[in-house]
Amino acid sequence: MPKFSSQDRSTRIAIVDENPVRSAIIETGLREAGYADIVRIGETAALLKRLDALEPDVVLIDLESPSRDVLESMFTVSRTVRRPVAMFVDQSDTAMIEAAVDAGVSAYIVDGLRKERVKAILDMAISRFNAFDRLRRELAEARTQLEERKVIDRAKGILMKARAIPEEEAYALLRRAAMNENRRIADVAQSIITAADLLR
């Protein structure tokens, strides 16, 4: 996943807004801030397919007075596109704000559609997206390491029992096999577990 930057003026921005007057306000604010690659989407039918084809770096969604169903469908978009998403709404409540956060909306702006604010909102959306994305990757990495640790520990247990050797020696065997086969220790450990399961 690339790291998005608000300093990159070649950033492609998609504006999703059924109201041309309101989308023009956002576009003007972006152009005044130096952005040129801007695409306005005037209807939300097949929106995910359109966004997939456009591959924007940032998505700005403006919903004048959205119904709960429209908001839910926009939250689905936010979950799916894995890009910074800023959402403008005229009114909201605590439940909708919480739902927006859960959906991964990077900036949820209530009654704040002014062209002077668009650049600052874009910066905030990108910055928050990058921060959350980094946390998500770190969490995934930590989970992977934990799973690998469990696999290695199980393989050591199998070797200790099969060869009547202490833990340090079992780990040394795993490490040596990994080096000889040019594989990761966790992969060698998984092979041992698989072989042991087959021999049961």
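Taken as Cα centroids, segment 99-160 and segment 15-40 sit 28 Å apart, rounded to the nearest whole angstrom. Quick one: pull the percent of accessible area on segment 49-200 belonging to carbon and sulfur, 1.4 Å probe, ligands and nucleic acids left out. Answer for segment 49-200 is 51 percent, counting heavy atoms of protein chains only.
Which one of THR94, THR76, THR11 has the biggest mean-square fluctuation once the chain is modelled by GNM with Cα springs under 10 Å? Among THR94, THR76, THR11, the largest GNM mean-square fluctuation belongs to THR94.
Rounded to the nearest 20 debye, the dipole magnitude of the chain is 980 debye, with +1 charges on Lys and Arg beta carbons, -1 on Asp and Glu beta carbons, and the Cα centre as origin. For the chain, the calculated P(r) over all alpha carbon pairs, in 10 Å bins from 0 to the bin holding the longest distance, is 8, 28, 21, 10, 13, 13, 6, 0 percent. For ILE41, nonlocal amide neighbours, meaning residues 5 or more places apart or on other chains whose placed amide H falls under 5 Å from its own, are ILE15, VAL16, ASP17.
The values are calculated or read from the model by the stated rules, or taken from the named source; none is laboratory data. Values in this document were obtained by computation on a predicted structure and should not be read as measured data. Because the Cβ atoms are built from the backbone with ideal geometry, glycine has one as well, and the counts that use them run over all protein chains shown. Remember, those area values only see protein heavy atoms, side chains included, never the ligands or the DNA or RNA. Shrake-Rupley method; radii C 1.70, N 1.55, O 1.52, S 1.80 Å.
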